[in-house]
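Every number in this text was worked out from the coordinates using simple rules, so none of it is lab data. Predicted model, so just to flag it, every value in this text is computed and none were measured. Counting neighbours? That spans all protein chains shown, and the Cβs are built from the backbone with ideal geometry, glycine included.
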Amino acid sequence: MKEKIKQLAREKNAIILVHNYQPPEIQDIADLCGDSLELSIKASKTKADIIVFCGVHFMAETASILSPEKIVLLPAKDAGCPMADMVEPDALKKKKQALGNIPVITYVNSSAAVKAVSDICCTSANVIKVVNSIDADEILMTPDKNLAQYAASNTSKKIHLWDGFCPFHNTLTAQDVKRARKDHPNACFIAHPECRPEVLKLADSIQSTSGMIKFAGQSRHTSFILGTETGLLYPISKTYPQKKFYPASPKMYCTDMKKITLENLADSLETLTGEIKVPEDIRKNALGAVQKMINL
Ligand code: 13P
Ligand code: SF4
């Protein structure tokens, strides 16, 4: 199956972009495996005719926003992101207006329609940089309240929150972390900024998924507790086989991220099904917010 996929990708000049949370067998056939920021940048620069996005819906939409001339495929069309569904454009426009039209930073984990009514996007890897680039003292951030609180604790600007969250990162409690630390007393605890503030307070370092991989390589520690979706255990352990990695909690398992299989990937490439295309009026408006982030 892996050979068939590689052959199809060669024949059709397709690139396979894979998020760090995807199943191991999907990560193994990636042209690029990475976090949301790395994958967006790659999607904006590739010369391939087809982008196969192994991730969730908003990631494929972002690729379509950046590369409208390309065919963007999401092999499992129902792979969504519950956090992205927690904000919709009309409600966001209303809140922005009620706050006196302050700038809106939208996490890439959002629909193209929400990006289209936002000023700039951010990812977990660049959120502080994006916040500090805004020429205003007050900002509205959507949809992730935890990411927004993390940004607020790293800036003097006033950040207004939206009540969204990742159901898997938000499930991790301070008690879970304390238990994991007790089980692995010498391990360093790295957390994703989608975790709750009380969890981030306990972290030795706060990183995006690819940031965690880089951090583990540079750290003098030999064991780590990962406060993120458990899919990251595979690429990080593969990169540093001599180091040990433990999940902060087995509850952090995103079912949408596991919907892509070798079978639906091969089928999507062969028949070009699962195409994600953002309507041009929405795309044009969303591009401004995504491109501003990439330029930054
Ligand atoms: P990053 O890989 O950008 O840290 O994203 C985490 C995530 O939850 C993606 O859905
Ligand atoms: Fe969305 Fe959380 Fe799954 Fe990422 S891990 S796709 S933020 S639900």
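Here are the numbers for the structure shown:
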| quantity | calculated |
| --- | --- |
| At R0 = 25 Å, FRET efficiency that the Cβ-Cβ distance of Asp204 and Ile128 yields, to 0.05 | 0.90 |
| Long-range amide H partners of Val72 with built H, under 5 Å | Ile51, Ile276 |
| Positive-end extreme of charge dipole, the chain - chosen from Ile51, Cys195, Tyr21 (charges on Cβ) | Cys195 |
| Cα shape, the chain, gyration tensor, a/c 1.5 rule | oblate |
| Filter on Lys115/Lys178; Lys93/Lys158; Lys2/Lys77 - keep pairs with C-alpha separation over 26 Å | Lys115/Lys178 |
| Value at 222 nm in deg cm²/dmol, rounded to 500, when DSSP H runs of n ≥ 4 in the chain each add -39,500 (n - 2.57) | -11500 deg cm²/dmol |
| Residue (of Val87, Cys33, Ala113) at the positive-pole extreme of segment 1-158, dipole from beta-carbon charges | Ala113 |
| Shape of segment 227-295, Cα gyration tensor, a/c cut at 1.5 | oblate |
| Selection of GluC sites (Glu not before Pro), segment 1-74, meeting DSSP coil and at most 14 other Cβ within 10 Å | Glu69 |
| Inter-probe distance in nm under a simple model that places probes 7 Å from Cα toward Cβ, at Lys244 and Gln175 | 2.6 nm |
| Listed residues Gln242, Gln27, Gln207, most fluctuating in the chain (Gaussian network, C-alpha, under 10 Å) | Gln242 |
| Proximal aspartates and glutamates relative to Lys145, as straight alpha-carbon distance under 16 Å, when same-chain residues fewer than 8 apart are discounted | Asp85, Glu88, Asp163, Glu194, Glu198 |
| Rounded Å value of the spacing that divides the Cα centres of segment 30-92 and segment 184-217 | 25 Å |
| Cα convex hull of segment 142-296 - mean projected area over all directions, nm² | 12.2 nm² |
| Within the chain: Cβ-based charge dipole about Cα centre, in debye rounded to nearest 20 (Lys, Arg +1; Asp, Glu -1) | 820 debye |
| Lysine-lysine proximity count for segment 215-287, Cα under 23 Å, sequence distance 8 or more or distinct chains | 7 |
| Leu272 versus Lys157: modelled label distance in nm, points set 7 Å from Cα along the beta carbon direction | 4.1 nm |
| Mean separation of Cα contacts under 8 Å (6+ apart) over length of the chain, as relative contact order % | 24 percent |
| Relative contact order (%) - segment 94-238, alpha-carbon pairs under 8 angstrom, separation at least six | 18 percent |
| Rough spin-label spacing in nm, given labels placed 7 Å along Cα→Cβ, for Met1 and Asp281 | 4.1 nm |
| For segment 101-164: relative contact order, % (alpha-carbon pairs under 8 angstrom, 6 or more apart) | 33 percent |
